[in-house]
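The values are calculated or read from the model by the stated rules, or taken from the named source; none is laboratory data. The structure displayed is predicted, hence computed values, not measured ones. Here the Cβ positions follow ideal geometry from the backbone for every residue, glycine too, while neighbour counts run over all protein chains shown. Side chains are part of the model used for accessible areas, which takes the heavy atoms of the whole protein and leaves out ligands, DNA and RNA. Shrake-Rupley method; radii C 1.70, N 1.55, O 1.52, S 1.80 Å.
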There are 2 protein chains.
Amino acid sequence: MMLEKTTRLNYLFDFYQSLLTPKQKSYMSLYYLDDYSLGEIAEEYNVSRQAVYDNIKRTEAMLEQYEEKLLLFQKFQRRQEIMTKLRKYTVSHEKTNEIEALLVELEKLD
Amino acid sequence: MMLEKTTRLNYLFDFYQSLLTPKQKSYMSLYYLDDYSLGEIAEEYNVSRQAVYDNIKRTEAMLEQYEEKLLLFQKFQRRQEIMTKLRKYTVSHEKTNEIEALLVELEKLD
């Protein structure tokens with residue numbers, strides 16, 4: 001699997017997993033976070049490898065559709081860039097610790 | 001209609017309207033943004049007042065379910081609070097204009 005695609009899907013899963021069914025969540029989590037193979041997931045759930053494959057492909061398409069509509073990942077990336085610039089200006093500020101604490105709070109909301 | 005409830009639903013509609021069907025969007029937009037009555041919407045779409053009412057009630061419940069799962073409105077409110085505090089620290093900073101421009105960019109992402 002291409003690393004870039006995996007990273008993107010990890011992020012999308014992170015942002016939209018609350019919108020998935022429990023089964024979709026389990027398959028995606030085993031496949032993308034725990035690095036199980038399709039065959040291993042099929043064995044674990046006592047279903048065919050093809051069934052697991054189809055479910056994961058459908059879930060990936062759903063995650064991309066949610067991202068197309070809500071743009072949470074895109075906005076997250078944009079926020080990160082802005083945060084980097086903000087830190088450059090505020091690092092030498094007399095209130096730098098207080099400001100940094102607020103920036104960390106902001107990041108926790110992503 | 002209670003003002004507080006209207007404000008909340010306006011925000012939820014803003015955050016999640018991309019997940020609604022075109023009909024749901026039209027009814028909600030006429031009712032909450034353009035202040036049409038149920039009867040006026042029913043006439044416009046040539047359906048019963050009850051059908052419009054049911055559709056809007058279902059949509060409101062969907063919006064609340066999305067909020068329960070994704071918390072976009074809650075996070076938005078939290079971000080606003082943090083922004084207010086950030087501005088207090090940065091208003092007298094030598095780079096205050098550059099910082100303010102970045103904060104405005106951040107807010108545009110909400």
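Largest first and in whole Å, the equivalent-ellipsoid semi-axes of segment A:41-109 read 43, 14, 8, each the square root of five times a Cα gyration tensor eigenvalue. The A:GLU43 and A:GLN74 beta-carbon pair, evaluated with R₀ = 45 Å, returns a calculated FRET efficiency of approximately 0.80. Taking all protein chains into account, the per residue accessible area for the protein assembly as shown stands at 60 Å² (1.4 Å probe). Between copies, A:VAL104 shows label-point distances of 3.0 nm, shortest first, with the point placed 7 angstrom from Cα along Cα to C-beta. Residues whose amide H lies under 5 Å from that of B:TYR36, counting only those 5 or more places away or on a different chain, are B:TYR31; hydrogens are built 1.01 Å from N in the peptide plane. For the listed residue pairs A:LYS5/A:LYS75; B:LYS5/B:LYS108; A:LYS108/B:LYS85; A:LYS57/B:LYS108; A:LYS75/B:LYS75, the alpha carbons are over 22 angstrom apart in B:LYS5/B:LYS108; A:LYS57/B:LYS108.
Considering only the Cα atoms of segment A:2-70, their convex hull presents on average a projected area of 4.4 nm². Once the Cα-Cα distance is subtracted from the 0.36 nm per residue extended length, the B:GLN65 to B:SER26 segment shows a gain of 12.1 nm. Against chain B, whose longest principal axis comes from its Cα atoms, helix B:72-90 is set at around 20 degrees. Relative to the longest principal axis of the Cα atoms of chain A, the long axis of helix A:49-70 makes an angle of roughly 30 degrees. Paramagnetic label reach from A:SER18 (point 7 Å along Cα→Cβ; backbone nitrogen cut-off under 17 Å): within segment B:20-40, residues B:20.
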